[in-house]
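Engineer: One structure, pasted below without further comment.
The values are calculated or read from the model by the stated rules, or taken from the named source; none is laboratory data. Just so it is clear, the structure is predicted and the values come from calculations on it, not from any experiment. With ideal geometry, Cβ positions are generated from the backbone for all residues, glycine too; neighbour counts draw on all protein chains shown. The area values use the complete protein model at the heavy-atom level, side chains included, leaving out ligands, DNA and RNA. Shrake-Rupley method; radii C 1.70, N 1.55, O 1.52, S 1.80 Å.
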Amino acid sequence: MELIKKIIERAKSNKQRIVLPEAEEERTLIAADRVLADGIADIILIGNPQKVNALAEEKGLTNIGKATLIDPEHCDKSEEYAQLLAELRKKKGMTIEEARRLVRNPLYLGCMIIKTGDADGQVSGALSTTGDTLRPALQIIKTAPGITCVSGAMLLITDKPEFGENGILVVGDVAVTPVPDANQLAQIAVSTAHTARAVAGFKDPRVAMLSFSTKGSAKHEVVDKVVEATQLAKQMEPTLKIDGELQADAALVPTIGAKKAPGSGIAGNANVLVYPNLEVGNISYKLVERLGGAVAVGPILQGIARPVNDLSRGCSIDDIYYLVAITACQAIDAKM
């Protein structure tokens, strides 16, 4: 896929340091070997060195020696990390003893490495739940400035070049916040536009705030929320190209957009779609994927100050490989 190739090339052009805290997991280690072989990122593996090296030898992985390998039970910076974690969480009552225990958890340790500037992003989830992945990220790295709502974007790659950006759409939220309020929905819109730039390479994100109504064609409180969110997003990022509320056909089809929302710069021309809630987003992208033949890449977590991404526990080696490249692109954007 051309987009995936571009993501990989961008990651290669400015190599970032990506933590893989599940290094003892077979798929993760094989993906790490490929990433290192292809020069996509510098990799920090967290795991028992004996187990990791034995698995690498068993699978014939010849590039793992290029990674930095950290033993969570014997990390040189454990006490430094524990002191910092206790300070970060002292208002929540965390003791130094609890902090010392947590920094031996690879997911917490990875986030501490990022927090202290020794890494740029993290990918996990082959063994861990989404909650286990997000909890340390939110406690340690926290959300990006002006953002309180973490969300998940999806890249939809279609064979319909007349839609989106030559057939590519970025959509959100599909993964995290079930029923966002207007302020959260505005944050999701801004975050998804940032993902469109950072990951999909859109130079000109055009955001449609989706609803079952277009410009007042229906009246309901959920429509009012989308309208309010659109205005809030404009206040958050005045240069953002955004319009709503729009029905999906009005957002994507020029003739319908011109009819239903005359004068809109987004209607019929959107390449970023923001769903009114998680239920709609999750159902719709899976329908497009299964019935429409689109390739869905993600979800890509957004709104965290430094990128931390979550895999499905049923993920493939390719999924991990691609998500490392995506995370690297997010890390590049976060530094700009």
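Engineer: Once you order the gyration tensor axes a ≥ b ≥ c over the Cα atoms, which shape class does segment 17-64 get: rounded for a/c under 1.5, otherwise prolate or oblate by comparing a/b with b/c?
Structural biologist: Cα axes put segment 17-64 in the oblate bin.
Engineer: Still on this structure: Calculate how steeply helix 78-88 sits against the longest principal axis of the alpha-carbon atoms of the chain, using the helix alpha-carbon long axis, and give the answer as 0 to 90 degrees to the nearest 10.
Structural biologist: 40
Engineer: Sticking with this structure for a sec: Taking R0 as 41 Å, what's the FRET efficiency between Arg89 and His220 from their Cβ-Cβ distance, rounded to 0.05?
Structural biologist: 0.50
Engineer: Now, a different point. For the chain, what is the relative contact order in percent, using Cα pairs closer than 8 Å and at least 6 residues apart in sequence?
Structural biologist: 23
Engineer: Per 0.36 nm of contour for each residue apart, how much would the distance between Val179 and Asp118 grow if the chain were fully extended, relative to their Cα-Cα spacing?
Structural biologist: 18.4 nm
Engineer: Using Cα atoms only, what is the angle between the long axis of helix 221-236 and the major principal axis of the chain, expressed in degrees (0 to 90) to the nearest 10?
Structural biologist: With both axes taken from Cα atoms, the answer is about 70 degrees.
Engineer: Is it possible to state the helix-based mean residue ellipticity at 222 nm for the chain, with each DSSP H run of 4+ residues giving -39500 (n - 2.57), the sum divided by total residues, to the nearest 500 deg cm²/dmol? What is it?
Structural biologist: -13500 deg cm²/dmol
Engineer: Further, regarding this structure: Please build a GNM for the chain, connecting alpha carbons under 10 Å apart, and tell me which residue among Ala261, Ala196, Ala270 fluctuates the most.
Structural biologist: Ala261
Engineer: Another question, then. From the phi angles alone, apply the Karplus equation (6.51, -1.76, 1.60; θ = phi - 60°) to segment 257-273 and give each ³J(HN,Hα) in whole Hz, x where the residue is Gly or Pro.
Structural biologist: With the stated coefficients, segment 257-273 comes to x, 5, 6, 8, 9, x, x, 6, x, 9, 3, x, 9, 6, 10, 10, 10 Hz.
Engineer: Could you give the size of the charge dipole of segment 214-336 about its Cα centre, using +1 on the Cβ of each K and R and -1 on the Cβ of each D and E, expressed in debye and rounded to the nearest 20?
Structural biologist: Computed charge dipole of segment 214-336: roughly 200 debye.
Engineer: Would you mind giving the three semi-axes, in whole Å and largest first, of the ellipsoid equivalent to the chain according to its Cα gyration tensor?
Structural biologist: Result for the chain: semi-axes of 37, 23, 15 Å.
Engineer: Something else: Quick one: angle between helix 278-292 and the longest Cα principal axis of the chain, in degrees between 0 and 90, rounded to 10, please.
Structural biologist: 90
Engineer: State the percentage of accessible surface on the chain attributable to carbon and sulfur atoms; use a 1.4 Å probe and exclude ligands, DNA and RNA.
Structural biologist: After summing per-atom areas, the C and S share lands at 51 percent.
Engineer: Under 5 Å between amide hydrogens, which residues at least 5 positions from Lys59 or on another chain qualify, with H placed 1.01 Å from N in the peptide plane?
Structural biologist: Residues meeting the criterion, in which the H sits 1.01 Å from N, do not exist here.
Engineer: While we're on this one: Where only protein heavy atoms count, and the probe is 1.4 Å, what is the accessible area per residue for the chain in Å²?
Structural biologist: So the chain comes to 44 Å² accessible per residue, rounded to a whole number.
Engineer: Just want the answer: with Cβ charges of +1 for Lys and Arg and -1 for Asp and Glu, which residue in Ile188, Thr327, Leu291 is farthest toward the dipole's positive end in the chain?
Structural biologist: Final value for the positive-end residue is Ile188.
Engineer: A follow-up question, please. Whole-Hz ³J(HN,Hα) for each residue in segment 37-51, computed from phi via Karplus 6.51 cos²θ - 1.76 cosθ + 1.60 with θ = phi - 60°, x for glycine and proline: what do you get?
Structural biologist: Each residue's phi maps through the Karplus curve to give 4, 8, x, 7, 7, 7, 10, 10, 9, 10, x, 5, x, 5, 5 Hz.
Engineer: Kindly write out, for segment 178-193 in residue order, the coupling ³J(HN,Hα) from the Karplus curve 6.51 cos²θ - 1.76 cosθ + 1.60 (θ = phi - 60°), rounded to whole Hz, with x marking Gly and Pro.
Structural biologist: x, 10, x, 7, 4, 5, 5, 5, 5, 5, 4, 4, 5, 5, 5, 5
Engineer: Quick one: which residues, 5+ away or cross-chain, put their amide H under 5 Å from the amide H of Ala144? H built at 1.01 Å from N.
Structural biologist: Ile304, Ala305
Engineer: Once both labels are modelled 7 Å past Cα along the beta-carbon direction, what's the Lys259-Asn53 spacing in nm?
Structural biologist: 6.9
Engineer: How long are the semi-axes of the equivalent ellipsoid of segment 173-308, taking √(5λ) for every eigenvalue λ of the Cα gyration tensor, in whole Å from largest down?
Structural biologist: 21, 17, 16
Engineer: Shifting gears a bit: Computed FRET efficiency, Cβ-Cβ of Asp318 and Lys12, R0 22 Å: what is it to the nearest 0.05?
Structural biologist: So the FRET efficiency works out to roughly 0.80.
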